[in-house]
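Working notes for the structure below.
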Amino acid sequence: MSQATVIVWFRQDLRLEDNPALVRAVRTGQVLPIYICDDETAGDMRDGAAGRWWLHHALADLNRQLDGRLRFYRGRARQLVPQLAEIHGVEAVFWNRCYEPWRIVRDKAIKSDLTQRGVTVESDNGSLLWEPWEVLKNDGTPYRVFTPFYRRGCLGAAPPREPLPAPQAIEFADGDDRLAVPLDALELLPKIRWDRTLEPHWTIGADGAQQRLREFLDHGLNGYREGRNFPARQNVSRLSPNLHWGGMSPNQVWYAADAAGESDDLDHFKSELGWREFSYSLLYHFPDLPTRNLQQSFDRFPWRSDNEALRRWQRGRTGIPIVDAGMRELWQTGYMHNRVRMIVGSFLVKNLQQHWHHGERWFRDCLVDADLANNSASWQWIAGCGADAAPFFRIFNPVTQGRKFDPDGAYTRRFVPELAKLQDDLLFSPWEAPPTVLAASGVRLGETYPEPMVDLKRSRQAALDAYRQIK
């Protein structure tokens, strides 16, 4: 093996298996594995609090896998990477690509700087099945509708590459460590340890990711197509945090799912991986996705400003049980079932007429899987202003949604226990219950549980009237 010293820069690929940049580095020389917390460059797009909690534990696990040789740094990567290359006499730097706009600009500048210094720079795809610039329409423009993007663009392209095994052995580089800091110095954990409530719900790290994948394929994939809509069932993968932080790659998930055998459930699950690809394609081709409406007519939408209403939504105190259940699940676990994400999103932007930016930012702070591409694309979708968006007039009725997708109330009762004794047909609309039924169930509206903050029928009509103003 060559004695060249090379850097492998870990980012959102916190694993040894199927890590193209790591494999390339190990084949080239002695490896200096680094991680940089670059909050300064990220600015307003920095990771949210729940995501940083996950990141801390994922980095600790990666460091364990690397025999404690992962080096941590805090500051601007634009300065640190060239500085480290000079200090250690590095001949090459390897990383897996990220697709957030601020990272693309930064990485291009670092690559230019290093190349001018005579340092080889190689980047690989370690987090997507297909590159955004590979899946385009025949005229070379990006898709704005999901179905043709996935069916013609993705499935019509070359298959995703097979996952790579972890390197059998890594020869680590030694040398000056003056700029490195302990993991705790990255300050990823909150000072007030609210994160303790998240811990029972997750096993973070490579082993936890593989265990979760096996559990889903063994017990959740069968019946996925329909079951994924029911938040109390186990037909959801809950792999999104591992995919975001790179505890596993989408290639590993794709081929592990393939091995489970052909079925409608498998096709539907793989199409959900396709939606993730679509979101990244949108972010790459429309870098303003997190901040600007893709459909510019929505720039004229008369959003309301109501901080108290926003706070009640954030805390799960709206008086609408399925909405409150979802928001409390988010607060307690760092996660929310996808069907419920659509319900609470529709309630915020349509019944409350709050700008989707508020929802995007709250989710980005509270979700352990907060992914700039998916989060932005999904909020624009539910608001009706994005690519291939749900029409604005598609307004989820949280009462009928609850009755249909949580028919026995198991999910809602778990997160809104003050309503646990209400009968099923009244659980999702306690304001319709007779006073005697409420009293027998221990419910006092306005005291033990809030009155509904809006009338669903009237607020729906108000949203439709507002929409007509911009048509």
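Of the options S271, P430, A387, report the single residue whose Cα projects farthest towards the positive end of the charge dipole of the chain (beta-carbon charges: Lys, Arg +1; Asp, Glu -1). In the chain, that residue is P430. Taking amide H as placed 1.01 Å from N in the peptide plane, the amide H of L32 sits under 5 Å from that of V6, I7, V8, A173, each at least 5 places away or on another chain.
Simple spin-label estimate for Q423 and Y255 gives 5.6 nm between the two label positions (7 Å along the Cα-to-Cβ direction from each Cα).
The helix-based estimate of mean residue ellipticity at 222 nm for the chain, built from -39,500 (n - 2.57) per DSSP H run of four or more residues and divided by its residue count, is -12500 deg cm²/dmol to the nearest 500.
Full extension from R64 to E187: what is 0.36 nm times the residue separation minus their Cα-Cα distance, to one decimal in nm?
Result: 42.4 nm gained on full extension.
In order along the stretch 40-47, phi translates into HN-Hα couplings of 4, 6, 5, x, 5, 9, 5, 4 Hz, rounded to whole numbers, per the Karplus curve 6.51 cos²θ - 1.76 cosθ + 1.60 with θ = phi - 60° and x for Gly and Pro. Using the Cβ-Cβ distance between T448 and F172 with R0 set to 56 Å, the FRET efficiency works out to roughly 0.45.
For the chain, the longest principal axis of the C-alpha atoms and the axis of helix 206-219 are separated by about 50°.
The length gained by stretching the chain between A440 and E199 to full extension, at 0.36 nm per residue less their Cα-Cα distance, is 83.2 nm. Computed from label points 7 Å out along Cα-Cβ, the spacing between L179 and R76 is 1.3 nm.
Extending 7 Å from the Cα toward the beta-carbon at both E162 and S305 defines two label points whose distance is 5.9 nm.
Across 10 Å bins from 0, what is the distribution of all Cα-Cα pair distances for the stretch 5-126, in whole percents? Answer for the stretch 5-126: a P(r) of 13, 48, 35, 4 percent. FRET efficiency for the pair D44 and A410, taken as 1/(1 + (r/R0)^6) with r the Cβ-Cβ distance and R0 = 45 Å, rounds to 0.75.
For D124, nonlocal amide neighbours, meaning residues 5 or more places apart or on other chains whose placed amide H falls under 5 Å from its own, are W95, N96, R97. In a reduced charge model with +1 at each Lys and Arg Cβ and -1 at each Asp and Glu Cβ, the stretch 314-471 shows a dipole moment near 320 debye about its Cα centre.
Near N19, the amide H atoms lying under 5 Å from its own belong to L164; only residues 5 or more places off or on other chains count, and H is placed 1.01 Å from N. The stretch 265-312 and the stretch 430-460 have Cα centres spaced 32 Å apart.
The numbers here are math on the coordinates, done by the rules we state, and not lab data. Fair warning: this is a prediction, and the values are worked out from it, not measured in the lab. Note that each Cβ is placed from the backbone with ideal geometry, even for glycine, and that neighbours are counted across all protein chains shown.
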